[in-house]
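The values are calculated or read from the model by the stated rules, or taken from the named source; none is laboratory data. Computed from a predicted model, the values in this text were never measured in an experiment. Ideal geometry is used to build each Cβ from the backbone, glycine not excepted, and the neighbour counts take in all protein chains shown. Side chains are part of the model used for accessible areas, which takes the heavy atoms of the whole protein and leaves out ligands, DNA and RNA. Shrake-Rupley method; radii C 1.70, N 1.55, O 1.52, S 1.80 Å.
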Amino acid sequence: MSEIDGGEHDLARKPLAGLFALCEVVTTGAEAGFMDKPLIFLFSGNAFVTFGFSLMGRSKAPKLGVAYTNMREFKVVVLGSGGVGKSALTVQFVSSTFIEKYDPTIEDFYRKEIEVDGQPCVLEILDTAGTEQFSSMRDLYIKNGQGFVVVYSITSQQTFHDIKTMRDQIVRVKGSESVPILLVGNKCDLSHQRQVRTDEGLALAEYWSCPFTECSAKNNQNVNVTFAEIVREMNYVQNRSRQSKSCCTLM
Amino acid sequence: MGKGAAVALRYLQQVLSSNSDPLILQSSSALLAEISSSVDSNYLVKEKIVKVLQLVDQKCFQKRHINVADIKIALDQLQEALSQVPEKSDADTQQKPDNAEKYSVTISGNEVEVSDNAQNEEEENLDKLLSTLNLRQVPAFSPTFPEFENESDDDVGITKEEKEEQRAEKHGQKLCEEEVQKLPDGREVRTKKTKTVNVQQTSKHITISTRGGGCPAVSRRFTTGDRKVDEDNDEEHTDYFSLHRFQRPDPFERFRLKSKEDDESCMDVAVPGESMKTKSIERTSEISQFVSQKKEKNGRSVGENAASKVDTSKLLARQTESFRDKTLVDRKGEGTYEESSIVKRGTPEVGDSTDAPRKHVVEYIQTFGGADDSPELEYLRGSTISSYITLNDSLRFHEEQFCKKLQFEFSTSGASTSFADFGNLIELLEVNDLGPLKLPIKWAAEQPDKAEPKAIDWQARAAITYHNDLICNLSVIDYLVYRERNGNASEVRGGPRDALIVFATQGNRASLIYQEAFLVTYRTFISSLDLINKLVKRFLYMSMARDSNSQTSARNTFSVLVRVVDELTVFDLDEDLILSVTSFVYRLIHDGNLTFARILRQRLLDRIAEPFNLSSFFETKLSVPRRPHTILDFRSSQLASQLTFIDASLFHRIEPAELLWWAQEQSEVKSPNLVLFTEHFNNVSFWVRTQVLMQNTQKERERYFMKFNKVMRHLRKMSNFNSYLAVLSALASSPLARLEWNKTVSDSLKEHISVMDTSQSYKNYRTLLQSAPPPCVPYVGVVLQDLTFVHAGNPDKLQAKLVEGKTDLLNFLKRWHQYAILDSIRKLKKWNYDIKRDEKVLLFFDQFQNQLNEEETWARSHQIKAPQRKK
């Protein structure tokens, strides 16, 4: 893991990154028990933590009490080719284990409340799985999104290839270089069919300077971690742009 | 040999040299139909007809190289075989349309008077059917109009409101009765009567209310009406429908009444012997209604609304009864019934008539076999299904009256059609899943998933033996998992695969809505070929037994089989499947069941679609004009109509199965029509981007932008959400949006952009779709997304912990969800627009080939306005 550890400069981006890195070893150690490789990687100082993170079940947004009205809401867009298991990832995240039926037509199907680093927030997931062919609609979705989870399948080199231009597309549409993006290699339960090596994913993430994870929607490995991380990334990008703005005014 | 069969045979012989597969297939079908209806086939005939069909099928279905000469030889042999069998005592007398009722009775050349009181008790069955089918009163049409904008409700101005309702009914009926009596001495008595009745009625109500101007409100109402009855025969001869013209104020009453039972049957006068009675009926009716509303204030028109509705129905039926000494020995009948209604908003255009070429997609559903097990009610019956609910509840109102087509056949004794209560899908899906399950009483042995399904040559297969196979069980209700409601078993929640199949054939136990859900979703757990093989096996097994339960079961199974064949997709129809079905057809012929053979083969033929070619669809005869057109040369409504014309044509080609497959496999091979449709969507979007971006000045670009904005408005008005969103995605796309537009232009998008807001699971779009009047082309993306998530989120099998550890019970709740989504598509597919092709516009569209790709649009956009990137 050392070769991918961020330098001092990166650690400075997030003051607590070092602490997170410590916690991370503990949690991944436990998870690594049933995996052939640890699935969490440190990169650019952005660490994944399962610590301080809890699931609060499916939100019933309209019925929430006063306490939630100030809760921050993020629109997260899930992107990637067909067949990479995007929908499974989203379903795994938005659903609780107690419900047996999933009806995507109900209004709060794609909403979920999570707590990241002690701060509750609501994620509205925009996952257009099944409609990848409607390429002309992609612009609209990207425009509406605040954070982007870009997914490929580790069992298909093609899907990895497909997303290589995705960051450029997002940046072009958003008109800004600083877009919160997270790169995700799904289906890591099928490691015997692996076509995309972990270091290939890491290399792309480095090129994009964004965090990276591998997960398995099927076995619910790293799913919640993935969505927590995009929240952190969104927070981070937001803070940085705020800082730079305030810097400007000071000057 | 029957005359019809001879003609069909000769025709097929001629067609053979044409080498046109569809023509050969259709004529071979016609031949089979003729033989099954007019020839008492013996073994030799059956063998020869199978031989002919086999060769034809091999040539045309399986595209094998078959020598036409071989088919000709087979046909000659068939002809020879046919010439040796007597024709059925047939009733093919010249049926000239006769205006007047005619009695021509011949006993071996001698004219004899026969009582005209032909009404007899048994005929009530046909009449009963007619009254159920055709004599529905069309309810008064009362559309809801948007409120007129209410300006200040002052007392000074005079407001006049006018409401006009018009209703015109036209009914026509032609009844033809023919009787052939074979007297013991070998003579024949033939009686033929034809009768036509035409009724017309119009009525008009006008209500005018005036208020304001300091006067109290005044309301006046006018009513006018006109009735016309036109009958071509005298009163005393018209006893078929118990007309009592002068006693009944409503001239349509006679159509709604059941027959009177006051008869001395003609059979009473007849001499003992054999007789046959044929009755055919042709009935059409058309009811058009028009409602308009006007509001005037101070003599100035404030608003006007209008809507019209036309209901038409057509019935053709034929019934043949055979009597021996006054006792009914056999009754057979068949017919079709079609009903359609068209609702239009806005004042009807001049010359707008119902006989304009319309392409309504008609769904017909056939059910063979009565729900009742009582032996005296053994007949084949027709039935329609209108079980659409879900997504678009507002469609229901229109839906009920829209297109229905019914084909029915019946035999032995009587016929009736029941329009069953279908249950409520919404209610079914809203129930709490955590509710208790009612577990099976019996547990089926686990079935290993078999390897690739293969074709079965049913002709070669020996008798079907019972191998402790669920497929051969008369009833499987004990093997299924239900939801428990108030201690009783409610809808099916799951079960072993074969039990779910058999349950669909248990017409008396399963609700029609279950059958529909099964037919729409079975591909998620069994291939069409496998299913067909299982149904054939069940049919053959049940046909072996003579008891009425088994016979009913066989017929029910057959009707499910017909439905399956009816809805096969191009992908389903592979060589194996065709082999299985055609070999089953041959077997049916061998077993003497020519009617079923004919029906099944015809259905299979109907599914062999002509290959669709988008380029030839777009092809026009016009040549490119010297000065190429621009979009500004066309009216926005014209452009919107033609976009809709293309969209609707492509949308109607999509099979529900393609959507279901797409959500699971995204296979272009399995979902070709869907792929065409989405490609078209993208083409339109990029074409629109290109049109705007390629203009040289900002002013021109703004003109084009606003033009498309207008087109978009029209598309929305036409409920064409496909092109609406394609154009919207273009105008809102980043390469366009990043350019600087004047305020009018950028504001013009605001009202539209919220439609595609994805939050709350496309709440805005769903709401809009629900309130959109059909016909409608939906945005298929949302459907695909819903299906994808239903698939990803719901397990295929019931959780083992809920069903005593069994791991192979299918989760039917998932299928109920899939059905709910797909059904809204089937429902929308029943509507179509009444738009004529406009060659000029299509030529201008030029298949939307003139488009920049994504990179090029960005390049062009950056060329217009240099990129400035924020760090």
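PRE reach from B:Asp40 (point 7 Å along Cα→Cβ): which of the range B:1-29 fall under 12 Å by backbone N?
none
Label-point separation (nm) for B:Leu316 and B:His862, each offset 7 Å from Cα along Cα-to-Cβ?
In this crude label model, B:Leu316 to B:His862 measures out at 6.5 nm.
Once you have the Cα-Cα distance between B:Arg324 and B:Asn19, take 0.36 nm times their residue separation minus that, and quote the gain in nm to one decimal.
Details: separation 305, 0.36 × 305 = 109.80 nm, distance 4.77 nm.
Length gained between B:Arg324 and B:Asn19: 105.0 nm.
Work out from phi, with θ = phi - 60° and the Karplus expression 6.51 cos²θ - 1.76 cosθ + 1.60, the ³J(HN,Hα) of each residue of the range B:10-22, listed in order in whole Hz, and give x for Gly and Pro.
Karplus-based 3J(HN,Hα) across the range B:10-22 equals 4, 5, 4, 4, 6, 5, 3, 6, 6, 6, 9, 4, x Hz.
What net charge do the residues around B:Pro628 carry, taking every other residue with its C-beta under 13 Å from that of B:Pro628, with Lys and Arg at +1 and Asp and Glu at -1? Mind dumping the intermediate values first?
Details: positive: B:Arg626, B:Arg627, B:Lys840; negative: B:Asp633, B:Asp846.
That works out to +1.
Please give the FRET efficiency for B:Ile73 paired with B:Asn468, using the beta carbon to beta carbon distance and R0 = 51 Å, rounded to the nearest 0.05.
Details: r = 46 Å, r/R0 = 0.90.
Given R0 = 51 Å and the Cβ-Cβ separation, E is 0.65.
Under 20 Å from a label point 7 Å along Cα→Cβ of B:Ser83: give me every residue in the range B:1-23 with its amide N that close.
B:1-15
Of A:Lys75/B:Lys865; B:Lys170/B:Lys314; B:Lys621/B:Lys829, which ones are farther than 19 Å apart at the Cα?
On the way: A:Lys75/B:Lys865 29 Å; B:Lys170/B:Lys314 12 Å; B:Lys621/B:Lys829 29 Å.
The pairs that break the limit, which is 19 Å between Cα atoms, are A:Lys75/B:Lys865; B:Lys621/B:Lys829.
Name the residue farthest towards the positive end of the dipole of the range B:515-654 from the options B:Phe618, B:Ser641, B:Thr524, assuming +1 on Cβ of Lys and Arg, -1 on Cβ of Asp and Glu, about the Cα centre.
B:Ser641
Please find the FRET efficiency linking B:His590 to B:Ala445, where r is the Cβ-Cβ separation and R0 is fixed at 45 Å, and quote it to the nearest 0.05.
Numbers: r = 33 Å, r/R0 = 0.74.
According to the calculation, E is roughly 0.85.
Which of the GluC sites (Glu not before Pro) found in the range B:545-637 are loop residues per DSSP with 15 or fewer other Cβ atoms within 10 Å of their Cβ?
Values: sites: B:Glu567, B:Glu575, B:Glu619; in loops: B:Glu567, B:Glu619.
Filter output for the range B:545-637: B:Glu619.
Starting from the range B:548-617, pick out the chymotrypsin sites (Phe, Trp or Tyr not before Pro) whose DSSP state is loop and whose Cβ has at most 16 other Cβ atoms within 10 Å. It would help to have the intermediate numbers written out before the result.
Working: sites: B:Phe558, B:Phe571, B:Phe584, B:Tyr586, B:Phe596, B:Phe612, B:Phe617; in loops: B:Phe571, B:Phe612.
Loop-located and lightly packed - B:Phe612.
Of the listed pairs A:Lys143/A:Lys218; A:Lys112/B:Lys801; B:Lys294/B:Lys717; B:Lys193/B:Lys277; B:Lys163/B:Lys295; B:Lys294/B:Lys710, which have alpha-carbon separations greater than 18 Å here? Provide the component values of the computation, followed by the final result.
Working: A:Lys143/A:Lys218 29 Å; A:Lys112/B:Lys801 27 Å; B:Lys294/B:Lys717 21 Å; B:Lys193/B:Lys277 11 Å; B:Lys163/B:Lys295 9 Å; B:Lys294/B:Lys710 27 Å.
With Cα atoms farther than 18 Å apart: A:Lys143/A:Lys218; A:Lys112/B:Lys801; B:Lys294/B:Lys717; B:Lys294/B:Lys710.
What residue among A:Gln157, A:Val173, A:Leu190 has its Cα farthest toward the positive end of the dipole of the range A:133-218, where the charges are +1 on Lys, Arg and -1 on Asp, Glu, each on the Cβ?
A:Val173
Around B:Gln695, under 11 Å between beta carbons, what's the net of Lys plus Arg minus Asp minus Glu among the other residues? Before the final figure, lay out the partial values.
On the way: positive: B:Lys699, B:Arg701, B:Arg703, B:Lys707, B:Arg860; negative: B:Glu700, B:Glu702.
With Lys, Arg at +1 and Asp, Glu at -1, the neighbours total +3.
Determine ³J(HN,Hα), in whole Hz, for all residues of the range B:821-831 in sequence, where each value follows from phi through the Karplus function 6.51 cos²θ - 1.76 cosθ + 1.60 and θ = phi - 60°; x replaces Gly and Pro.
Result, rounded to whole Hz: 6, 5, 5, 5, 6, 4, 5, 5, 5, 7, 9.
Relative to the isolated chain, which residues of the range A:124-160 have their accessible area cut by 50 Å² or more in the presence of all protein chains (1.4 Å probe, heavy atoms, no ligands or nucleic acids)?
A:Gly130, A:Gln133, A:Phe134, A:Ser136, A:Met137, A:Asp139, A:Leu140, A:Lys143
In Å², nearest 100, what accessible area do chains B and A bury in total when the solvent probe is 1.4 Å? Mind showing how you got there, number by number?
Numbers: alone 40880 and 13010 Å², together 49640 Å².
That pair of chains buries around 4300 Å² in total.
At 1.4 Å probe radius, can you tell me the per residue accessible area of the range B:693-836 in Å²? Mind showing how you got there, number by number?
Values: 4780 Å² over 144 residues.
Spelled out: the 1.4 Å probe surface of the range B:693-836, per residue, equals 33 Å².
If you find the alpha carbon centre of the range B:673-745 and of the range B:626-644, how far apart are they in angstrom?
14 Å
Per-residue mean of other chain beta-carbon atoms within 10 angstrom of the beta-carbon, peptide B:750-760? Walk me through the numbers on the way to the answer.
Numbers: counts 0, 0, 0, 3, 0, 0, 4, 2, 13, 10, 9.
That works out to 4 on average.
Work out from phi, with θ = phi - 60° and the Karplus expression 6.51 cos²θ - 1.76 cosθ + 1.60, the ³J(HN,Hα) of each residue of the range B:42-55, listed in order in whole Hz, and give x for Gly and Pro.
The phi angles translate into 9, 4, 5, 4, 4, 4, 6, 5, 4, 4, 4, 4, 4, 5 Hz.
Which trypsin sites (Lys or Arg not before Pro) does the range B:27-78 hold that lie in a coil by DSSP with at most 11 other beta carbons within 10 Å? Please report the intermediate quantities before stating the final value.
Working: sites: B:Lys46, B:Lys48, B:Lys51, B:Lys59, B:Lys63, B:Arg64, B:Lys72; in loops: B:Lys63, B:Arg64.
Answer by residue number: B:Lys63, B:Arg64.
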